[in-house]
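Working notes for the structure below.
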Amino acid sequence: MKKIVLLCASGMSTSMLVKTMEEAAAEMNYECQISAYPTSEAIKQASDADLILLGPQVRFALNKIKGQCPGVLVESIDMRMYGRMDGKGVVEFAKSKIG
Amino acid sequence: MGKQELFDKFLDYMVRFAEIKAVAALKDGFILTLPLTLAGSVFLLIANLPIGGYSDFMAAQFGAGWAAPLNQVAGSTFGILAILCVLGICYKYCQAEGCDAITASLLALASFLIVTKGSVLTKAGEVVNDVIPKGWVGGNGVITAIIVSLLVAWIFCYCEKNHIGIKMPAGVPDGVAKAFAALVPGMIVFAGSAVVFFLCQALGGLTFPELVFQVLQTPLQNLTDNLVAGIIIAGIQSVLFWAGIHGPNIVGGVVGPILTANAIDNQHLLDAGMSLLGNPQAKIITIQVNDVFIKSGGCGITLGLLISAFIAARSAQMKSISKLAFVPGLFNINEPIIFGLPIVFNPYFIVPFIGVPVIAMIMTYVAIAIGFMSPFSAVQVPWTTPTVIAGFLLAGWQGAVVQLAIVLMATVVYFPFMKIQDNIYFKEELDAVEGKGIETRNAEHS
């Protein structure tokens, strides 16, 4: 079971993406736990994650989050995929990163 | 230097600014106060519904003191905003540094109270000692709270990282060791606070929050409370989001505490029995103007773009993205349209995306300045409250009318730009269909 944590400014728009990602993951039989939080909750919620995905609007926080969650892979989500809430695309991207 | 380079430099600067530890802690810490001020708003709203004759009606039903319990809630949420800031900002700073955040926050709270007045003056001129004055731990103490919390957090983290403190031998329980570890930084910040208290008393005959309020907070509040500042605040947020960076997150973190203090100032006028409508003493640019009136459908007032797309879009891309973005847009979440259309770095949308919120700011400012709409009290609504409803809750029917006018304006301004983009997509789609047609025809021939 992989743990994927999505972070954005307030955890609102990423929580929309979580839904489409969960559907896509179920279809692909990819076992993972996906959740969304504001970046300010990174330490509390994402320290034990396998992958942290940042909304493109907070990608400037990439280095900060990397520092806060050492050992966790941090990537930002492709802008178009994010905007179009392309859960399948993001799950495939996650899969390519953490298997 | 080219325009592109200049813009890149600006972005780079803003991002670096947002990454400064103190700025990030200020932003994240201030967000922690939101649940309290929003919940407090509900009670304040019930005490002051923007309906004529409401107060008299309630007094007739429940007696003259009907609002007292409601105001008690407001007084213990907005009324202690500075205390909440001290705890939240210090906590977030130390948490990000990996230090003992809760201990540091408690030290910061004590330090804040050390430098704050411990007495109040009654109207009769009598001094009452041994109190925590709500007048200084609320909106008026916000800037002091920021200064104290950041300083204490910095000192605390410095001590912890450099192992300045009393070290316990191995085997001593963790909790005990922690308590002793906090002893030295505690002594340092308390001594520092006591010295600050003494110096302010001895040299100026006042306390540190009073000094900060006079020389820093009041000028800052006045600086934000005019149309030019409003336009700059609205404009920068849009420019940043156009570049794909969460503008409200960066700008709001810094101006949020000041604009909230502006709103609480207005509440003080109301509490003193004055009316806000057309009152030149009331502040116009408050937190609600930034959070609600220039963000219908999200930053950039993209609700206007969605509506114009519903009216006249022909391309499948424009139609599908505006459909997808509509429901979140009603709740002022607009990442789908910003990144999906995309608006980010799209030259066709830079003008309306920045222009519409700026015009909305001007409309809101004028509506208040000419006395059509009341300036805002401390009541806030969550930023996800749908437009028009939010306006009604904050400022009665006049607020709803102003928001409706803003959405109409946004629709009209976005319309031609939406059409340009729509025509491009439409042509692309036609070309794609024709291209495919030619391919299949060729396949048939061979």
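Taking the stretch A:1-33 as the range and being more than 13 Å from every other protein chain (Cβ to nearest Cβ) and in contact with an Asp or Glu (Cβ under 6 Å, 6 or more places away or on another chain) as the test, the residues that pass are A:1, A:2, A:3. In the set (1) among the small types (Gly, Ala, Ser); (2) in contact (Cβ under 8 Å) with a residue 60 or more places away in the chain; (3) within 14 Å of chain A (Cβ to nearest Cβ); (4) buried (at least 24 other Cβ atoms within 10 Å of the Cβ), residue B:243 fails one condition alone, (4).
Tally time: how many residues in the stretch B:360-387 are surrounded by fewer than 17 Cβ atoms within 10 Å (Cβ to Cβ) and either basic (Lys, Arg) or farther than 19 Å from residue B:237 by Cβ (or both)? Going through the stretch B:360-387 one residue at a time, the tally reaches 6. Among the residues making up the stretch B:165-192, those that are more than 14 Å from residue B:103 (Cβ to Cβ) and surrounded by 15 or more Cβ atoms within 10 Å (Cβ to Cβ) are B:168, B:192.
Restricting attention to the stretch A:73-92, the residues that are touching a residue at least 40 places away in the same chain (Cβ under 8 Å) and facing another protein chain (nearest Cβ under 7 Å) total 2. Scanning the stretch B:21-46 for residues that are more than 10 Å from every other protein chain (Cβ to nearest Cβ) and surrounded by fewer than 19 Cβ atoms within 10 Å (Cβ to Cβ) turns up B:22, B:23, B:35, B:36, B:38, B:39, B:42, B:46. The residues of the stretch B:296-332 that are part of a helix (DSSP H, G or I), more than 9 Å from every other protein chain (Cβ to nearest Cβ) and over 21 Å from residue B:406 (Cβ atoms), listed by number, are B:316, B:317, B:318, B:319, B:323. Set side by side, the residues B:7, B:62 differ, and just one is of a type in the set (Phe, Trp, Tyr) and either buried (at least 16 other Cβ atoms within 10 Å of the Cβ) or over 28 Å from residue B:255 (Cβ atoms) (or both), which is B:62.
Taking the criterion of being modelled with pLDDT under 95 and out of contact with any strand residue (DSSP E or B) (no Cβ under 7 Å at 6 or more places or on another chain), the residues of the stretch B:108-131 that qualify are B:117, B:118, B:123, B:124, B:125, B:126, B:129, B:130. Of all residues in the stretch A:34-65, those being among the β-branched types (Val, Ile, Thr), more than 9 Å from chain B (Cβ to nearest Cβ) and either free of Cβ contacts under 8 Å to residues at least 40 places away in the same chain or under 22 Å from residue A:85 (Cα atoms) (or both) number 2. For the stretch B:388-424, a residue qualifies if it is buried (at least 24 other Cβ atoms within 10 Å of the Cβ) and within 19 Å of residue B:353 (Cβ to Cβ), and the qualifying residues are B:403, B:406, B:410, B:414, B:418.
The residues of the stretch B:333-357 that are away from chain A (no Cβ under 11 Å) and β-branched (Val, Ile, Thr), listed by number, are B:350, B:351, B:354, B:356.
Taken over the stretch B:252-278, the criterion of being outside any helix (DSSP H, G or I) and in contact with a Leu (Cβ under 9 Å, 6 or more places away or on another chain) is satisfied by B:275, B:276.
The values are calculated or read from the model by the stated rules, or taken from the named source; none is laboratory data. Just so it is clear, the model here is predicted, and its values are computed rather than measured. Here Cβ is always computed from backbone atoms with ideal geometry, including for glycine, and neighbour counts include all displayed protein chains.
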